[in-house]
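> Here's a structure for you.
The values are calculated or read from the model by the stated rules, or taken from the named source; none is laboratory data. Keep in mind that this is a model prediction, so the values were computed, not measured. Because the Cβ atoms are built from the backbone with ideal geometry, glycine has one as well, and the counts that use them run over all protein chains shown. Accessible surface areas use protein heavy atoms only, side chains included; no ligands, DNA or RNA. Shrake-Rupley method; radii C 1.70, N 1.55, O 1.52, S 1.80 Å.
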Amino acid sequence: MNKNSSNIMALAPNTSNKRETVCIFGTGDFGRALGHKMIHSGYPVVYGSRSTQISNLIPKDAEVLGHAEAAQKAAIIIIAIQRQHYNFLTPLAEVLRGKVLVDISNNLKLNQYPESNAEHLAQLLPGSKVVKAFNTVSAWALQSGTLDASRQVFVCGDDVEAKQMVMNIVRALGLTPLDKGSLLAAQEIENYPLQLFPMWKFPMILSLGLTAFFFFYCLALDVIYTYIYENNNFSFFIAITIPNRVCPVMALILLALVYLPGIFAAIIQLYRGTKYRRFPDWLDKWMLCRKQLGLIALAFASLHVVFTLVTPMRAFVSWRTSKGIIAQALNNKTEPLNNTNAWISDSYLALGILGYFLFVLLGITSLPSVSNNVNWREFRFVQSKLGYLALILCTAHTLVYGGKWFLSPSAYKWYLPNIYILSLIVPCAVLVVKFVLIFPCVDKPLTQIRQGWERNPKYSE
Amino acid sequence: MNKNSSNIMALAPNTSNKRETVCIFGTGDFGRALGHKMIHSGYPVVYGSRSTQISNLIPKDAEVLGHAEAAQKAAIIIIAIQRQHYNFLTPLAEVLRGKVLVDISNNLKLNQYPESNAEHLAQLLPGSKVVKAFNTVSAWALQSGTLDASRQVFVCGDDVEAKQMVMNIVRALGLTPLDKGSLLAAQEIENYPLQLFPMWKFPMILSLGLTAFFFFYCLALDVIYTYIYENNNFSFFIAITIPNRVCPVMALILLALVYLPGIFAAIIQLYRGTKYRRFPDWLDKWMLCRKQLGLIALAFASLHVVFTLVTPMRAFVSWRTSKGIIAQALNNKTEPLNNTNAWISDSYLALGILGYFLFVLLGITSLPSVSNNVNWREFRFVQSKLGYLALILCTAHTLVYGGKWFLSPSAYKWYLPNIYILSLIVPCAVLVVKFVLIFPCVDKPLTQIRQGWERNPKYSE
Amino acid sequence: MNKNSSNIMALAPNTSNKRETVCIFGTGDFGRALGHKMIHSGYPVVYGSRSTQISNLIPKDAEVLGHAEAAQKAAIIIIAIQRQHYNFLTPLAEVLRGKVLVDISNNLKLNQYPESNAEHLAQLLPGSKVVKAFNTVSAWALQSGTLDASRQVFVCGDDVEAKQMVMNIVRALGLTPLDKGSLLAAQEIENYPLQLFPMWKFPMILSLGLTAFFFFYCLALDVIYTYIYENNNFSFFIAITIPNRVCPVMALILLALVYLPGIFAAIIQLYRGTKYRRFPDWLDKWMLCRKQLGLIALAFASLHVVFTLVTPMRAFVSWRTSKGIIAQALNNKTEPLNNTNAWISDSYLALGILGYFLFVLLGITSLPSVSNNVNWREFRFVQSKLGYLALILCTAHTLVYGGKWFLSPSAYKWYLPNIYILSLIVPCAVLVVKFVLIFPCVDKPLTQIRQGWERNPKYSE
């Protein structure tokens, strides 16, 4: 039937007449929105409905019939009804035999049912060809035509030809179909639109917690301490000075936390002598969110860069500078250039710039389209070699900048260590252990283990 | 025949001999360029031509025969001739029966013919399998081998197997085929290479017009007014000072214009009580170019950031700073730190930095590979929630910075308001109306309407 | 058999039972890692091995059988053995007839064998359907589950259905299959994971060489010369001053080198009067790495921008500024604003900012996901028009900044020209020749040649 209709249609010049009729079961919101969009793209649409009277909500050019008559008019039937009503389709099994049924349903929570809605439908109607599609697009997006977001429609199904037919409709609506394989993928596709950055949850909570801690730590030492003991009101430090102290600390710690799980994994593998045993759960989870941790670290580093660059524009800073110059001028003397100071100032700036530059490079490489264009060897080179180089440069930047604070007694207000000292603990630990791990006597067995060798083969039995 | 030849070929180790012969009809520029490239990729090429004598332009390793003999030698025939000459193919219908015809033609203007060239070809030769491909690649790009640009070749056709054969050739030439579905997509594919940033046209014109207006507005107030009334020659303001006044104004206004159509849409829907009626045409178009408006706003914001950061390096600024300090030194007094000033300066800088940071985040999310990796819910969260937050921060940044200008009489040169005041009208209006729209008494009916509810169902009949 | 098992399985709700059995030949590292991953994704796995006793290394839930028995249990057999042992499969030809054999092997160097491993396998077992897949994924990545990098698995094969089956497995493991066409693509796929940024090698070596040269050139003139003749120790210039002199020079020269090969190509084509002859090899290679040259130029330009922006924060600079102001204050006079200086300072800053802005735009357009979304006409517009504009702006920026150095005799320390003069040679040459090439009398024949016209048709015979 398809073949015939397309042959006949091919003679007609008008595009909108060439599309094959599509049937939609269900006149709910999504069914209506999809119908509007399909009619707009040139598809004749027929609705299958219990009552054929609620025609005013339905697009004007669409026909409304009973379920059985509507189904007979089309090769593709879009099931725009909820899973709990699927049972009413079983009496229609004969009419639906051989037809392509498009399951577009979503659930209210992740893994709500043991099997996906599409698989459930396929079990109810074994004679039909079930294809999962369209569930990742919202009715509002279809209706308003403002599909700025992802135009990708995940499609899966066991029948290749049925899948092709559905993918053609998807393309005709101006969307991009993405073949996700057999109907087994339906569960994953149904879970997809319910997620809200699942991989970012832990890194975000960790960052917010640490940021809050360091912010109040700085607030106590830089504003409250100064106010109490030196009677200076530096409350405006809250706007720039303290954020610019917290941001680099966060960037450095989070960057170190990206490389820490790799260190743990190496130690565990060395200790166990095999790679064929699962890591503890927390380590697995940690390793999976390394990219997110790294990107948050990059965000903090970028804020630190901009906060630093606006320094000369701050009223406080130009006041302090003027004061220093005027004091010199009034004392009628010019301080000579302090070569050591020039070296320290220039080298921590240069180290910071190079470290940030590598950091941005890592960020660019983690863009999906870029990382898809590098092979595994190249990705490892960038993320591991350049990543450690960035960590070394950033740690050195902090050490050179904050070095003087370590020993100076004035750094220990209220006997609390300066924030620089806190920020250096994790990165220095990571770098020291990594340095040990690349010694040949440690690296050689580790490499063997990662190539499949086992120290104690019995262990894994 | 295909099957046999590939079985025989499989025994030969030389890659270049394994490819099946491809026939090219037409010895024009693109036919020749494609032939060169195919021979280079190991395909035997035979040209079909009216005259078999113009062999010097054709790649040396290619055979040149009459159309019928050439067609018989290959299963795939590339039609490198112009649409107006397609009629000469009808006598060859018998020879071409069952063959794959690849239509590579382009038109000179959008929608030149009622039906696409490929569909026209399919109607002329109903026994052949027509596939549209290669029209998005230029002859020069093929010839010079410098395919830095898109390596994507859009392919469409009604016969799945024919499409696969063409896609394999595309891949063998080092290009990436992209299946666009059935031959109905040919029109769109033929229009594609004729476009020059169609979505950017309106936003670009709007931006250029507004920029010119604000530039001359500033020129009049800051340079000409100063020159006439204060006799100061500040003509060098044209290079940095005025651009750095225009850029933030443009960024703020364009960012507000991104969110304004959403506000209009909500009001229209509330007024009509339904979402099933089309928006006015201007609103539809405006909503479709919001991404482009946002990206231009980001470009202006980025220029503003860099223009601001170079401030301390400007000769004029260091002269002004010196003058201030020297004046203080000569008067033998040091001004105390003005705490209010420090607060204002630090907070507008901090607000600007945070706003710009969110703005860049929005920009990154709109990269195609990133937006393809987020689902609808995540995209809405970023573009709507974070977008409004960015607008609020940027508006606050401008308010804090320009606040003092509102009331100062010196701001009204020639009775014209300062540019800051003009820049704040649209963003403040958007934020106020949005604030009203999120009130529960307004938000609830709006949400219902967007879920498909209708206040006055008759209306849509 | 497949059909039956999937029908039976469809009734069982547990996902992990629905997958069809996969057989893996070979119990080496990759075979084991893939087995672990497949079992984890719900596939029953059976290993084919010479000895069925080394069971402790193999995943616990997998069966281990002899090769023939194992092969009979599955429709898909993964060949996880090395190419040199493929011969032992020939006796199994009868058992493997009609089965899908997945070749996952890699070689140790590029183009190690005349034909790819997968094609070799297909020739040994002509009755089986060979599919190439998984060779781009590392065992370590599969095992550790940390597939941060490319999740793309290149798949190729002559049998479409077999390819679909393998692609479904790829998707089930959470990876993205990418159809690369027929088995002829296997060679390319096998070479892929051995590469380490092959296109970047020449641009990187060139950049490092030039950078080293300019660094020592500046070191000699700015630090050593000053130390010898003026007895000033400016060794700290190594950290920021000299890098910030080398970076812009490198950026400008590399950007000009992006456009130089196009100039050469035009001249060669004009001279030869045809586009149908190959360019010299060095020019071809140069043209293919223009994107990389441009991105390295952008990296240098970005470093230059950041190095410049930190200037006011340097101890040396603030010391120099203070000295100047104090000298004025002590002399009791204020220098008036030098309008020419203000113009020069502001205009080279503005030119640099606009040039860098366009440069960044070019960089963003070269991101794979962005360049895939523009057509050829748009890409040419951005890369050619905007690219030349960026080159013009950056050259002008350097000319305005370094203009005063040209004639000043103090610029010729040790009779060597200042680095600015060196940096301007290539860009100015490119711009001058390009200016000549766009004259109508030159542009017209060039356009004709590029459209396929030949001055001397005999030439190409």
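> If you check C:Pro409, C:Pro440, C:Pro457, which single one turns out to be assigned by the TED database to the domain that holds C:Arg290 and modelled with pLDDT under 85?
Details: C:Pro440 fails: modelled with pLDDT under 85; C:Pro457 fails: assigned by the TED database to the domain that holds C:Arg290.
Sole residue among the options that is assigned by the TED database to the domain that holds C:Arg290 and modelled with pLDDT under 85: C:Pro409.
> Which count do you get for residues in region B:332-371 that are surrounded by 18 or more Cβ atoms within 10 Å (Cβ to Cβ) and either outside any helix (DSSP H, G or I) or at the interface with chain A (Cβ under 7 Å from one of its Cβ atoms) (or both)?
12
> Quick one: A:Leu255 ticks every box in (1) open to solvent by 30 Å² or more (accessible area, probe 1.4 Å); (2) more than 9 Å from every other protein chain (Cβ to nearest Cβ) except a single one, so which number is it?
(1)
> Confirm whether B:Asn244 is in a helix (DSSP H, G or I), within 14 Å of chain C (Cβ to nearest Cβ) and more than 30 Å from B:Leu386 (Cα to Cα).
On the way: in a helix (DSSP H, G or I): yes; within 14 Å of chain C (Cβ to nearest Cβ): yes; more than 30 Å from B:Leu386 (Cα to Cα): no.
It is false that B:Asn244 is in a helix (DSSP H, G or I), within 14 Å of chain C (Cβ to nearest Cβ) and more than 30 Å from B:Leu386 (Cα to Cα).
> Do any strands (runs of 3 or more DSSP E) lying entirely in region A:30-89 carry at least 3 residues that are away from every other protein chain (no Cβ under 13 Å) and closer than 22 Å to A:Asn168 by Cα, and which ones are they?
Answer list for region A:30-89: A:45-48, A:76-79.
> Restricting the search to region B:171-204, which residues are among the basic types (Lys, Arg) and loosely packed, with under 15 Cβ neighbours inside 10 Å? So that I can check it myself, show each step before the final result.
Looking only at region B:171-204, we keep the residues that are among the basic types (Lys, Arg), and these are B:171, B:180, B:201.
Correct list: B:Lys201 only.
> Select, from A:Lys291, A:Lys323, the only residue that is assigned to a helix (DSSP H, G or I), touching a Ser or Thr at 6+ places or on another chain (Cβ under 8 Å), facing another protein chain (nearest Cβ under 7 Å) and over 30 Å from B:Ser345 (Cβ atoms). Talk me through it step by step, then tell me what you get.
On the way: A:Lys323 fails: over 30 Å from B:Ser345 (Cβ atoms).
Of A:Lys291, A:Lys323, the one residue that is assigned to a helix (DSSP H, G or I), touching a Ser or Thr at 6+ places or on another chain (Cβ under 8 Å), facing another protein chain (nearest Cβ under 7 Å) and over 30 Å from B:Ser345 (Cβ atoms) is A:Lys291.
> If we keep just the residues of region C:221-241 that are at the interface with chain A (Cβ under 9 Å from one of its Cβ atoms) and in a helix (DSSP H, G or I), which is surrounded by the most Cβ atoms within 10 Å (Cβ to Cβ)?
Restricting to residues being at the interface with chain A (Cβ under 9 Å from one of its Cβ atoms) and in a helix (DSSP H, G or I), the top hit is C:Phe236.
> Filter region A:135-163 for residues that are buried (at least 20 other Cβ atoms within 10 Å of the Cβ), at pLDDT 85 or above and either under 25 Å from the mean Cα position of the chain (by Cα) or at the interface with another protein chain (Cβ under 9 Å from one of its Cβ atoms) (or both) and give the result.
Scanning region A:135-163 gives A:Asn135, A:Val153, A:Phe154, A:Val155, A:Cys156.
> List pairs: first residue in region C:233-258 and assigned by the TED database to the domain that holds C:Ile205, second residue among the acidic types (Asp, Glu) and buried (at least 23 other Cβ atoms within 10 Å of the Cβ) anywhere in the structure, Cβ distance under 9 angstrom, at least six positions apart or on different chains.
Sorted first by the residue in region C:233-258, then by its partner, the pairs are C:Phe236/A:Asp346; C:Phe237/A:Asp346; C:Ile238/A:Asp346; C:Ala239/A:Asp346; C:Ile240/A:Asp346; C:Thr241/A:Asp346.
> Continuing with the same structure: One residue is enough: does region B:205-220 have a residue meeting the conditions more than 30 Å from B:Phe316 (Cα to Cα) and open to solvent by 30 Å² or more (accessible area, probe 1.4 Å)? Spell out the reasoning first.
So in region B:205-220, the residues more than 30 Å from B:Phe316 (Cα to Cα) come out as B:205-206.
Within this subset, residues satisfying the condition of being open to solvent by 30 Å² or more (accessible area, probe 1.4 Å) are B:205-206.
Within region B:205-220 (the criterion being more than 30 Å from B:Phe316 (Cα to Cα) and open to solvent by 30 Å² or more (accessible area, probe 1.4 Å)), the answer is yes, since at least one residue qualifies.
> Same structure, new question: With the requirement that a residue be open to solvent by less than 30 Å² (accessible area, probe 1.4 Å), under 20 Å from A:His397 (Cβ atoms) and more than 11 Å from chain C (Cβ to nearest Cβ), what does region A:303-314 give you?
A:Leu303, A:Phe307
> Also, quick follow-up: For region B:180-201, how many residues meet the condition of being within 8 Å of another protein chain (Cβ to nearest Cβ) and over 30 Å from B:Ala297 (Cα atoms)? Can you show your working first?
The first filter runs over region B:180-201 and keeps only residues within 8 Å of another protein chain (Cβ to nearest Cβ), leaving B:180-182, B:184-185, B:187, B:192-197.
This time we only want the ones that are over 30 Å from B:Ala297 (Cα atoms), so: B:180-182, B:184-185, B:187.
Within region B:180-201, residues that are within 8 Å of another protein chain (Cβ to nearest Cβ) and over 30 Å from B:Ala297 (Cα atoms) number 6.
> With (1) facing chain A (nearest Cβ under 7 Å); (2) open to solvent by less than 30 Å² (accessible area, probe 1.4 Å); (3) assigned to a helix (DSSP H, G or I) as the list, and B:Val374 as the residue in question, which single condition is left unmet?
Here B:Val374 clears every test but (3).
> While we're here: Could you check region B:377-397 and list, in sequence order, the residues that are open to solvent by less than 20 Å² (accessible area, probe 1.4 Å) and either under 22 Å from B:Pro248 (Cα atoms) or in contact with a strand residue (DSSP E or B) (Cβ under 8 Å, 6 or more places away or on another chain) (or both)?
B:Gly387, B:Ala390, B:Leu391, B:Thr395
> For region B:90-106: of the residues being outside any strand (DSSP E or B) and touching a residue at least 60 places away in the same chain (Cβ under 8 Å), which is nearest to B:Tyr43 (Cα to Cα)? Spell out the reasoning first.
If we filter region B:90-106 for residues that are outside any strand (DSSP E or B), which is where we start, we get B:90-99, B:104-106.
Now narrow it down to the ones that are touching a residue at least 60 places away in the same chain (Cβ under 8 Å): B:104-106.
Working: B:Ile104: 18, B:Ser105: 21, B:Asn106: 24 Å.
Among them, the one singled out is B:Ile104.
> May I pose another question? Specify the residue that is nearest to the other protein chains (Cβ to nearest Cβ); the eligible residues are those in region B:108-131 that are polar (S, T, N, Q) and surrounded by fewer than 18 Cβ atoms within 10 Å (Cβ to Cβ). Break it down into steps so the answer makes sense when it comes.
Initially, region B:108-131 is screened for residues polar (S, T, N, Q), giving B:111-112, B:116-117, B:123, B:128.
When the remaining residues are screened for being surrounded by fewer than 18 Cβ atoms within 10 Å (Cβ to Cβ), the result is B:111-112, B:123.
Working: B:Asn111: 11, B:Gln112: 14, B:Gln123: 6 Å.
The selected residue is B:Gln123.
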